[in-house]
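Below is one structure, written out as structure tokens, with a few remarks after it.
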Amino acid sequence: MAQEVYMDIPAVQEMSQKFANFGEVLDAVAKTMEAMSMVLKVTAWLSGGATAALAMFIDRILPNIRRSSEKMKEISGDITGAIGAYRDGDLSGSQRFVG
């Protein structure tokens, strides 16, 4: 027996946009944290190294934030692709979300 696939396209488009927006927010967070790290490194000599430790912490988590941003944008693109595949009646688009 064939299974019917249904997609609420406006709701899924909204979800895709939210992923894209979150990716942009994470980009902004990464840029801000990078600037903070630079300021902390420059002022490290005033604090006896305490700000250098905080800068090292920021530098350590910054790659994770950047990866998360890229992943959010990738998911948004995948969802948009699935919407297009659904609209075109392409069943192969559903294979992207198979575990």
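The values are calculated or read from the model by the stated rules, or taken from the named source; none is laboratory data. Bear in mind the structure is a predicted one, so any value in this text is a computation, not a measurement. Neighbour counts are summed over all protein chains in view; Cβ atoms, including those assigned to glycine, are modelled from backbone coordinates with ideal geometry. We work out accessible area using only protein heavy atoms, side chains counted, and drop any ligands, DNA or RNA first. Shrake-Rupley method; radii C 1.70, N 1.55, O 1.52, S 1.80 Å.
Here are a few things to note about the model shown:
- Scanning region 38-60 for residues that are β-branched (Val, Ile, Thr) and either open to solvent by 50 Å² or more (accessible area, probe 1.4 Å) or over 18 Å from Asp27 (Cα atoms) (or both) yields Val39, Val42, Thr43, Thr51.
- So Ser76, is it modelled with pLDDT under 95, in a helix (DSSP H, G or I), open to solvent by less than 100 Å² (accessible area, probe 1.4 Å) and small (Gly, Ala, Ser): no
- Taking (1) aliphatic (A, V, I, L, M); (2) in a helix (DSSP H, G or I); (3) more than 13 Å from the chain's Cα centre (by Cα) in turn, Val5 satisfies each apart from (2).
- In region 8-50, the residue that is nearest to Glu70 (Cα to Cα) out of those that are more than 28 Å from the chain's Cα centre (by Cα) and not small (Gly, Ala, Ser) is Val42.
- Residue within region 45-59 that is at pLDDT 90 or above and not hydrophobic (A, V, I, L, M, F, W, C) present: yes
- For the residues Lys41, Lys31, the requirement of being part of a helix (DSSP H, G or I), free of Cβ contacts under 8 Å to residues at least 12 places away in the same chain and of a type outside the set (Asp, Glu) singles out Lys31.
- For Gln3: the one exception among (1) closer than 22 Å to Gly84 by Cβ; (2) open to solvent by less than 90 Å² (accessible area, probe 1.4 Å): (2)
- Pairing each residue of region 66-91 that is touching a residue at least 24 places away in the same chain (Cβ under 8 Å) with any residue that is of a type in the set (Val, Ile, Thr) and surrounded by 15 or more Cβ atoms within 10 Å (Cβ to Cβ), provided the two are 6+ apart or on different chains, yields C-beta distances under 7 Å for Ile79/Val12; Ile83/Val12.
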